[in-house]
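The values are calculated or read from the model by the stated rules, or taken from the named source; none is laboratory data. Fair warning: this is a prediction, and the values are worked out from it, not measured in the lab. Quick reminder, even Gly has a Cβ in these numbers, built from the backbone with ideal geometry, and neighbours come from all protein chains shown.
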């Protein structure tokens, strides 16, 4: 009986990368190199990605950034794929100590979404990261925990809360990716010596492309919808926040039904 209980309580092996993030990897026989550590490697990789994009990150480039040989890095990080996991966790550094203030669940959850967007804007390469499963790194889970905390007292079930966190995160990543792709395209045009194409709002683009017979609803949207009265078009940030508010309206409806 004791043997069965011991086997049941033994921690299961984690996938490569996760074992390092959660401190479950055995140390190698060779000692550490002075000045080199997983944290230093991740910080260097993030600096490279911030400066030149995710495609610029390689074990050789990071090693050169730190002044070590490429093989030295493999004492700490097994592969580039593992390094990407560590970078994802590093992008959310500080989540453990994050305090989200607000008068109610809506203001707190809105702030949580804005903090996530600001983090992605600081590290736009995050939108290019492979994401085959929900993030499970320590810092990522701290951030999810803070998001769940904003909905304390709403009466929502745990499943509903995690769905809301996933929906807001997916929306935030999608909006940040479109903004980042547009910025990279303009930067590439400048570096190639070409004048970037004038930025057109969606309404302006529709006015150039749609006719009333083929696309009656889009035509109406383009010519009689926003903007009205010569007002300036909303900024990308304002559009992002409008989408967040729509999602939060849906959360309020869910709370009303639950309560």
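For the reader, a short list of remarks on this structure follows.
- Test: residue 140 is buried (at least 18 other Cβ atoms within 10 Å of the Cβ) and either in contact with a helix residue (DSSP H, G or I) (Cβ under 8 Å, 6 or more places away or on another chain) or part of a helix (DSSP H, G or I) (or both): yes
- Flag for residue 45 being at pLDDT 95 or above and either part of a loop (DSSP other than H, G, I, E, B) or not assigned by TED's automatic domain parsing to the domain that holds residue 147 (or both): yes
- Residue in segment 119-136 that is nearest to residue 90 (Cα to Cα), counting only those that are surrounded by fewer than 17 Cβ atoms within 10 Å (Cβ to Cβ) and at pLDDT 90 or above: 122
- Set side by side, the residues 11, 16 differ, and just one is farther than 26 Å from residue 70 by Cβ and either within 32 Å of the chain's Cα centre (by Cα) or at pLDDT 75 or above (or both), which is 11.
- Evaluating residue 99 against the criteria (1) part of a helix (DSSP H, G or I); (2) in the same structural domain as residue 237 (by TED's automatic domain parsing) leaves one unmet condition, (1).
- Output for segment 19-42, where each listed residue is modelled with pLDDT of 70 or more, assigned to a loop (DSSP other than H, G, I, E, B) and surrounded by 10 or more Cβ atoms within 10 Å (Cβ to Cβ): 22, 24, 36, 37
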